[in-house]
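Trainee: First, the structure itself, so that you have it in front of you.
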């Protein structure tokens with residue numbers, strides 16, 4: 001349950017552009033390196049996202065507030081739309097310098113393969129309609145994904161660390177590379193985690209407490225045992241705690257996305273360089289790539305003119321991108337009144353029919 005999912009390097013993991021506005025510029029949503037991104041592209045990007053979201057979860061979800069950010073789903077979708085556009089343009093400009101280009105023909109090849117897989121043009125168009133997805137938007141997204149993939153792959157190859165860099169990293173982080181055996185107790189409350197640790201330190205049986213109180217269904221029945229694992233398999237917070245613990249020690253409560261963990265370290269051995277070389281190579285490569293992207297952002301001269309705090313009022317020509325319009329308060333009230341009146345009429349009609357039936361029975 002707590003194993004960290006390994007994934008390929010993703011630009012989303014290193015890109016975090018500021019959405020601070022730079023005033024207004026008529027008809028322009030943003031600017032990257034002097035290249036203007038028209039509001040039309042912003043409308044398309046936002047509309048397609050909002051429509052897809054509303055289609056899956058209902059239009060009312062767009063007004064719900066996300067607890068961590070305090071922003072509505074609608075505002076977060078607007079931020080995603082403008083961020084995606086600026087990131088793509090930034091990468092496109094750097095990719096051109098590297099000789100990377102994705103053409104319409106490349107995208108058409110992908111679309112044709114999709115049509116063939118689906119069984120022809122008719123099935124393809126039906127799929128687009130079902131997902132409220134315009135074909136030109138799909139095409140642009142295919143180009144963007146191919147460009148990002150080729151760019152990332154080539155840049156990572158350029159940033160491949162040397163043997164000396166890998167050994168230097170290993171020597172500086174030896175304690176972070178281990179094979180360990182541990183048990184844990186997972187609870188949702190910090191106060192409870194502290195009390196559990198206190199009881200165990202006083203002599204309470206760890207396995208027994210785990211069976212009684214741990215929230216982890218995968219380990220509680222066997223006393224919280226996680227078995228053997230190596231560094232990099234667990235979530236980062238867990239790994240860091242294991243790296244600091246000595247065999248036999250009970251950790252302070254460790255917070256992760258799952259809750260609070262009290263960990264008992266049963267065994268730990270340091271891994272040799274040869275055993276963790278691929279892991280270090282991936283980590284160093286990711287760090288170098290992240291540093292490169294951050295530096296690229298500083299040089300890109302990104303300016304955002306569209307205010308993502310403002311609700312988007314889509315021009316008529318972009319309504320076919322499927323944004324489900326939220327009813328105005330007055331219209332909603334009128335709609336509710338109409339529904340109430342219909343319910344009253346139905347109730348009166350049913351009551352009248354009942355009375356008539358009684359008369360006929362008599």
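The values are calculated or read from the model by the stated rules, or taken from the named source; none is laboratory data. Keep in mind that what you see is a predicted model, and the values were worked out from it rather than measured. Please note: Cβ atoms are built from the backbone with ideal geometry, for glycine as well, and neighbour counts cover all protein chains shown.
Trainee: Residues 60, 110, 89, 79: which one is touching a residue at least 40 places away in the same chain (Cβ under 8 Å), out of contact with any strand residue (DSSP E or B) (no Cβ under 9 Å at 6 or more places or on another chain) and either loosely packed, with under 14 Cβ neighbours inside 10 Å or closer than 30 Å to residue 158 by Cα (or both)? Step through it out loud before you land on a result.
Mentor: Working: 110 fails: touching a residue at least 40 places away in the same chain (Cβ under 8 Å); 89 fails: out of contact with any strand residue (DSSP E or B) (no Cβ under 9 Å at 6 or more places or on another chain); 79 fails: either loosely packed, with under 14 Cβ neighbours inside 10 Å or closer than 30 Å to residue 158 by Cα (or both).
After ruling out the rest, the residue left standing is 60.
Trainee: When you scan the stretch 201-217, do you find a residue that is within 12 Å of residue 265 (Cβ to Cβ), in contact (Cβ under 8 Å) with a residue 40 or more places away in the chain and in a helix (DSSP H, G or I), even just one?
Mentor: Checked the stretch 201-217: at least one residue is within 12 Å of residue 265 (Cβ to Cβ), in contact (Cβ under 8 Å) with a residue 40 or more places away in the chain and in a helix (DSSP H, G or I).
Trainee: A further question follows. Among the residues of the stretch 123-142, are any farther than 24 Å from residue 46 by Cα and in a helix (DSSP H, G or I)?
Mentor: Within the stretch 123-142, one or more residues are farther than 24 Å from residue 46 by Cα and in a helix (DSSP H, G or I).
Trainee: Out of the stretch 224-254, which residues are part of a strand (DSSP E or B) and either more than 22 Å from residue 208 (Cα to Cα) or not assigned by TED's automatic domain parsing to the domain that holds residue 198 (or both)?
Mentor: Within the stretch 224-254, 229, 230, 234 meet the criteria.
Trainee: Among the listed residues 76, 62, which satisfies the condition of being under 27 Å from residue 300 (Cα atoms), assigned to a helix (DSSP H, G or I), assigned by TED's automatic domain parsing to the domain that holds residue 292 and modelled with pLDDT under 95?
Mentor: Details: 62 fails: under 27 Å from residue 300 (Cα atoms).
Just a single option satisfies the conditions, and that option is 76.
Trainee: Surrounded by 15 or more Cβ atoms within 10 Å (Cβ to Cβ), closer than 30 Å to residue 37 by Cβ, within 35 Å of the chain's Cα centre (by Cα) and modelled with pLDDT under 50: which single residue out of 312, 323 fits that description?
Mentor: Only one candidate qualifies: 323.
Trainee: So residue 193 fits all but one of (1) in a helix (DSSP H, G or I); (2) out of contact with any strand residue (DSSP E or B) (no Cβ under 6 Å at 6 or more places or on another chain); (3) surrounded by 13 or more Cβ atoms within 10 Å (Cβ to Cβ); what number is the exception?
Mentor: Status for residue 193: all satisfied but (2).
Trainee: Which residue out of 181, 167 is surrounded by 13 or more Cβ atoms within 10 Å (Cβ to Cβ), in contact (Cβ under 8 Å) with a residue 12 or more places away in the chain, under 30 Å from residue 270 (Cα atoms) and out of contact with any helix residue (DSSP H, G or I) (no Cβ under 9 Å at 6 or more places or on another chain)?
Mentor: After ruling out the rest, the residue left standing is 181.
Trainee: In the stretch 209-229, how many are within 30 Å of residue 273 (Cβ to Cβ) and either crowded, with 17+ Cβ neighbours inside 10 Å or under 25 Å from the mean Cα position of the chain (by Cα) (or both)?
Mentor: Residues in the stretch 209-229 being within 30 Å of residue 273 (Cβ to Cβ) and either crowded, with 17+ Cβ neighbours inside 10 Å or under 25 Å from the mean Cα position of the chain (by Cα) (or both): 3 in total.
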